[in-house]
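The values are calculated or read from the model by the stated rules, or taken from the named source; none is laboratory data. Since the model is a prediction, treat every value here as computed from it, not as a measurement. Glycine gets a Cβ as well: all are built from the backbone with ideal geometry, and neighbour counts include every protein chain shown. SASA here: full protein model, heavy atoms, side chains in, ligands and nucleic acids out. Shrake-Rupley method; radii C 1.70, N 1.55, O 1.52, S 1.80 Å.
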Amino acid sequence: MGITPDAPASDDSLCRRCARTGPTCCQRTQVYVTGGDIARIAAATGLIDFHETVPPADPSGGGTLHLDAAWAGTFSEAGSTVLAHAGNGDCVVLVPDGCRLPLAVRPLVCRLYPFDYNEDCIKGVFAPLCPAPERDAPALLLAELAMNRSAAEAWRRRLYDELREEAGKR
């Protein structure tokens, strides 16, 4: 597929520990991808079949984690563009050690996970679906993911810029 993980995971990496708890965010959610995400992934990997358009379960956007105006444009009657899933339900870029996309290429919503956020700010470290709070302190989780709040804030701003840009094209 032409993509490799940023670094090999240890036998007890966060991704492996999370996967042992049950379905992960890469298995139980639809990951929205912006046009920018699609362009970045395609340029880095040469892939074209990693995303699909799916009809929203609730076209009003109800039931989503981010219920602000910028997200409203992602839920249309035509559907939403998301990372495709393999036959077993896994995201097409998920491997046993985690995501095989380098961090700089991953969809913005994946880069932001497990931060909880909205259009205005980063609200907290743990998103509602993240199982990590049961085991890990926020500082440990962020250290293991090599994440920090300032990088997350930059990704949040970029995500909302791309959401607004796409809404303007509709």
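Of all residues in segment 80-102, those that are among the charged types (D, E, K, R) have Cβ atoms under 9 Å from Cβ atoms of residues that are assigned to a strand (DSSP E or B), 6 or more apart or on another chain, in R100/L94. Evaluation of E52 against the conditions (1) assigned to a loop (DSSP other than H, G, I, E, B); (2) more than 13 Å from the chain's Cα centre (by Cα); (3) at pLDDT 85 or above; (4) surrounded by 14 or more Cβ atoms within 10 Å (Cβ to Cβ) shows that the sole unmet condition is (1). For segment 116-131, check the following and say yes or no: at least one residue is open to solvent by less than 50 Å² (accessible area, probe 1.4 Å), at pLDDT 75 or above, part of a strand (DSSP E or B) and over 18 Å from L159 (Cα atoms). No, segment 116-131 contains no residue that is open to solvent by less than 50 Å² (accessible area, probe 1.4 Å), at pLDDT 75 or above, part of a strand (DSSP E or B) and over 18 Å from L159 (Cα atoms).
One line per residue, one yes/no per condition, for (1) at pLDDT 75 or above; (2) within 19 Å of A167 (Cα to Cα); (3) open to solvent by 70 Å² or more (accessible area, probe 1.4 Å):
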| residue | (1), (2), (3) |
| --- | --- |
| R17 | no, no, no |
| T24 | no, no, no |
| G46 | yes, no, no |
| H66 | no, yes, no |
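Number of residues in segment 85-112 that are within 21 Å of R164 (Cβ to Cβ), open to solvent by 30 Å² or more (accessible area, probe 1.4 Å) and part of a loop (DSSP other than H, G, I, E, B) equals 1. Filtered by the rule that a residue be farther than 19 Å from G79 by Cα and among the β-branched types (V, I, T), segment 23-41 gives T24, I41.
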